């Protein structure tokens, strides 16, 4: 009696369903072949930015803006450090040991992670410092649309401090990170001075 049940179960399509994944994967690959690399990158960046905004909004709604800002600062700095290390190894880039090394790494990171999200200038100040002046910022634009600009603390420069942390360069940033400068009616200008 047992052997009959085993044979019947092996032939029963309900107990041994066909794996649909190979055919579905082929169809998915056919659709994805129509994307250029630039289109694919833009779509992935847009999806990531949407996730980031919705995560922030959900935390703000559930826990309040002070908690959302604090967690965003922690997460942005941590992901900044991880992504800088990962991208440096993948390219490969030598470790940043000078201001110019770091500025090149920063430009590569921005080019990979969202080049159309910011309009900014970078200028050297003396031998060890540089200044980043942001004219247009996606984060500021989004928090203005959401009506929370006056409460928002900058996550973009928190991420940049993660990139700096990954470089192992000692640095000071001025002004200190906090409320969005643009939302306060100020220019978004940060000076970063590298130590020895």
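Pull out the extension gain between residue 70 and residue 136, defined as 0.36 nm times the separation in residues minus the alpha carbon to alpha carbon distance; nm, one decimal. Intermediate values should be presented prior to the final figure.
Working: separation 66, 0.36 × 66 = 23.76 nm, distance 2.33 nm.
Residue separation times 0.36 nm, minus the Cα-Cα distance, leaves 21.4 nm.
Pick from 179, 25, 81: which residue has the top mean-square fluctuation in a GNM of the chain where Cα pairs under 10 Å get a spring?
Its mean-square fluctuation being the largest, the pick is 25.
Normalising by the residue count of the chain, find the relative contact order in percent from Cα pairs under 8 Å and 6+ residues apart.
Numbers: 201 pairs, mean separation 42.1, N = 196.
Reported as a whole number, the value is 22 percent.
Sum -39500 (n - 2.57) across every DSSP H segment of at least 4 residues in the chain, then divide by the residue count to get the 222 nm mean residue ellipticity, nearest 500.
Numbers: 7 runs with 111 residues, N = 196.
Calculated mean residue ellipticity at 222 nm is -18500 deg cm²/dmol.
Just to confirm the number: angle between the C-alpha axis of helix 37-63 and the first principal axis of the chain, 0 to 90 degrees, nearest 10?
80 degrees
Quick one: if you stick a label point 7 Å off each Cα along the C-beta vector at residue 41 and residue 79, how many nm between them?
1.9 nm
Starting from the 7 Å offset along Cα-to-Cβ, what nm value, one decimal, do you get for the label separation of residue 93 and residue 144?
The modelled label-to-label distance comes out at 2.9 nm.
Between 170, 31, 51, where does the largest GNM mean-square fluctuation fall for the chain, given springs only between Cα atoms within less than 10 Å?
For the chain, modelled as a Gaussian network with Cα springs under 10 Å, the answer is 31.
Any idea what angle helix 156-167 forms with the longest principal axis of the chain, computed on alpha-carbon atoms, 0 to 90 degrees, nearest 10?
Relative to the chain, helix 156-167 is tipped by roughly 90 degrees.
Distance from the Cα centre of segment 65-85 to that of segment 128-184, in angstrom?
12 Å
Assuming R0 = 45 Å, what is the FRET efficiency of residue 26 and residue 127, from their Cβ-Cβ distance, to the nearest 0.05? The partial results should precede the final answer.
Numbers: r = 57 Å, r/R0 = 1.27.
Using R0 = 45 Å, I get an efficiency of 0.20.
Could you pull the Rg and Dmax for the chain, using just the Cα atoms, both in Å?
Radius of gyration, then largest Cα-Cα span, for the chain: 23.7, 89 Å.
For residue 184 and residue 15, compute 0.36 nm times the residue count separating them, minus their Cα-Cα distance, and round to one decimal in nm.
Here the answer is 54.4 nm.
So for the pair residue 53, residue 191, with labels modelled 7 Å out along Cα→Cβ, what separation do we get in nm?
Label-label distance for residue 53 and residue 191, simple model: 3.4 nm.
Which residue fluctuates most in the GNM of the chain (Cα springs below 10 Å): 89, 70, 21?
21
Suppose we keep just the DSSP beta bridges with both residues in the chain; what percent of those would be antiparallel, to 5?
On the way: 19 of 19 bridges.
For the chain, the DSSP antiparallel bridge percentage is about 100.
Mind pulling the angle between the C-alpha long axis of helix 99-113 and the longest principal axis of the chain? Nearest 10 degrees, somewhere in 0 to 90.
With rounding to tens, the tilt is 40 degrees.
Bear in mind these aren't lab numbers, they're just calculated from the coordinates by the rules spelled out. Small disclaimer: the values here were computed from a predicted structure and weren't measured. Ideal geometry is used to build each Cβ from the backbone, glycine not excepted, and the neighbour counts take in all protein chains shown.
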